[in-house]
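*Asks:* Pasting in a structure now, in structure tokens, and then I'll have a few things to ask.
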Amino acid sequence: MNAGMSFILFMLAACTGDEATVAGPEVAKASALTPEVIAATWQVRMAKSEARAPFEGRASWVAWFERRRYESLPAFASEKDNAGLARGHAEYAAIYRQAALLASNAILQVYGADRQESDPAETAYLLGVAGVFTGNAEQAAKLGLSGGSSVAEFARRDAAWKAWFDAKKEVMPDVPAGLAAVSGEGELPGDALLPTPLPLVGEPGAVDAGDPGDLYALSRWHEARARAADPASEATIDQYLNPFRLPFEARTPATAAVASDVWLFMSAYTSAADMQFSALVSQGDLAAAEGLAGSSAYASIAKACSQSGKVDIDCVIDEAAHLGSSIEDAMAASNGGQPDGFHRPFADFARAGALRALDLFARARGEDETSGILRINAYDRNVDHASDPVFILFLAAWDAGNRNTTRATELVHQSLRLAPGLVVARAPLDALHIRLSRNAAPGVPMH
């Protein structure tokens, strides 16, 4: 079977999946979404076979749709698709940034909130790095306290991070050594470049410690590869990464909608304006983000659903459902009024993406409870073809910060084949899970 046929058949099969876990009804109602906004979505463009032609018959995109990103990157390279290769590396950069946040959140819980007298001195270094990555100045100040460690690598890293912290530089210190080496265009880091957990001494038994700095270094490696793969995608890479940057990182102003279909196809964004909206929200420019209403579906929903001064959860869920059904209707209309098997799978990317974007919008407004509810609804939509690996790690990082180690562990486990470096994030998460299990009263859920 050729790749193009496999691609279409996979989309058709995806339509028959179980819908029981999907949140939010499909509701017919007056909507803020105009026909122009719907027509501007990549889904409606891709209803035409000529628009899909550059993507069909390509091993890279078949692997992408089937969530085998580790096969997409070398395929993009062999196909000389520079923009596709840049997108693949940028996604890995986002995955590993969220993994660094996950590890940091777990460290702050297990060696901070639940600290025990038996914890080894090296945990001060881990808390310091975690403090940097989460914007916790009190914990970041602990850098430099592990310089006397008997584990030489801990002492070296602690000294490097302490010097970086004191100098207030923007670029992290060069740890771990050797990660800058590139194994080949389009390839993932080889086993020799992947980080491994470091040994923690002073605690009974053999204990591994995951350094968030290793995960951030992996993220920077992929970001550098993305920029090298396609310099023309520089502005798009900046916008794509903005929502996933760590607190200490600067965000590049999103001054225009720049993403091409290579970046939008099978993504959580329905248009370049949607990506710009999320980038603006992440940099705190909510007025400019809402100003995209009329060109961005997500900005239109944000504006319509916050008229009361707070984000209306029911409004967002209804509008996200309406966005999906409107896209399906428009795709059918462009096909002579006939729905096709791939219309719903394509529209599902928008149903999930809208909830994710409005989660970020609510969080930026300081509405944490609303943000959390929308995040859970987005997770319910993050299934099958519309499942997004970056969102999976984003949710796992949130869970770790909220001491929900059960789901976080499951999410990391299901992502390990995609991103083997996540073994480093699993170390502090496992430590937190074990500690919470030991400390929990009988019959009390540990999360």
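*Asks:* If you plug each phi of the stretch 325-336 into the Karplus form 6.51 cos²θ - 1.76 cosθ + 1.60 with θ = phi - 60°, what whole-Hz ³J(HN,Hα) values come out, in order, with x for Gly and Pro?
*Replies:* After applying 6.51 cos²θ - 1.76 cosθ + 1.60, I find 5, 5, 5, 4, 4, 5, 5, 5, 4, 6, 10, x Hz.
*Asks:* Please list, ordered by chain and number, the residues whose modelled amide H lies under 5 Å from the amide H of ALA293; skip anything fewer than 5 residues away on the same chain.
*Replies:* Those lying under 5 Å, H to H, from ALA293: there are none.
*Asks:* Sticking with this one: Whole-Hz Karplus ³J(HN,Hα) for the stretch 149-159, in order, using 6.51 cos²θ - 1.76 cosθ + 1.60 and θ = phi - 60°, x for Gly and Pro?
*Replies:* Those phi angles translate into 4, 6, 8, 4, 5, 4, 4, 5, 5, 4, 5 Hz.
*Asks:* Where the eigenvalues come from the Cα gyration tensor of the stretch 206-326, what are the semi-axes √(5λ) of the equivalent ellipsoid, largest first, in whole Å?
*Replies:* Here the semi-axes work out to 29, 19, 14 Å.
*Asks:* Moving on. In straight Cα distance, which lysines are under 27 Å from LYS303, not counting same-chain residues fewer than 8 positions off?
*Replies:* LYS29
*Asks:* Quick one: divide the alpha-carbon radius of gyration of the stretch 283-399 by 2.2 N^0.38 Å and tell me what you get.
*Replies:* Relative to the 2.2 N^0.38 Å estimate, the stretch 283-399 comes out at 1.09.
*Asks:* Now for a different question. Grab the Cα-Cα distance for PHE248 and LYS169, subtract it from 0.36 nm times how many residues apart they are, and report the gain in nm with one decimal.
*Replies:* The PHE248-LYS169 span can extend by a further 27.4 nm.
*Asks:* Still on this structure: Within straight cross-link reach of LYS168, meaning Cα distance under 19 Å, which aspartates and glutamates are found once same-chain residues fewer than 8 apart are removed?
*Replies:* Partners found: GLU138, ASP158, GLU249.
*Asks:* Right, next: Under 5 Å between amide H atoms, partner at least 5 residues away or on a different chain: which partners does ALA209 have, H built in plane at 1.01 Å?
*Replies:* LEU198, LEU200
*Asks:* With a ≥ b ≥ c taken as the square roots of the eigenvalues of the C-alpha gyration tensor of the stretch 349-411, please select rounded if a/c is under 1.5 and otherwise prolate if a/b is larger than b/c or oblate if it is not?
*Replies:* oblate
*Asks:* Can you tell me, using C-alpha contacts under 8 Å and at least 6 residues apart, the relative contact order of the stretch 300-447 as a whole percent?
*Replies:* 15 percent
*Asks:* Tell me which lysines have Cα within less than 16 Å of LYS162's Cα, excluding those fewer than 8 residues away on the same chain?
*Replies:* Filter leaves LYS142.
*Asks:* Using label points projected 7 Å from each Cα along Cα→Cβ, tell me how many nm separate ASP285 and ALA155, to one decimal.
*Replies:* In this crude spin-label approximation the distance works out to 4.8 nm.
*Asks:* Measuring from label point to label point, each 7 Å out along Cα→Cβ, what is the ALA53 to ALA224 span in nm?
*Replies:* 4.0 nm
*Asks:* While we're here: Please tell me the relative contact order of the stretch 243-384 in percent, rounded to the nearest whole number, where contacts are Cα pairs under 8 Å and at least six residues apart.
*Replies:* That works out to 22 percent.
*Asks:* Net charge around ALA427, counting only other residues with Cβ within less than 11 Å of its Cβ (Lys, Arg = +1; Asp, Glu = -1)?
*Replies:* Once all neighbours under 11 Å are counted, the net charge is -3.
*Asks:* Taking 0.36 nm per residue of sequence separation and subtracting the Cα-Cα distance, how much length would be gained by fully extending the chain between ARG407 and GLU369, in nm to one decimal?
*Replies:* My answer for the length gained is 11.8 nm.
*Asks:* Residue separation times 0.36 nm, minus the C-alpha to C-alpha distance between SER387 and ASN335: what's the value?
*Replies:* The SER387-ASN335 span can extend by a further 16.1 nm.
*Asks:* Output ³J(HN,Hα) for the stretch 341-353: one whole-Hz value per residue in order, computed from phi by the Karplus curve 6.51 cos²θ - 1.76 cosθ + 1.60 with θ = phi - 60°, and x for Gly and Pro.
*Replies:* x, 8, 5, 5, x, 5, 5, 5, 4, 6, 4, 6, x
None of the figures in this text is laboratory data; all of them are computed from the coordinates on show. Nothing here was measured: the structure is a model prediction, and the numbers come from that model. Glycine gets a Cβ as well: all are built from the backbone with ideal geometry, and neighbour counts include every protein chain shown.
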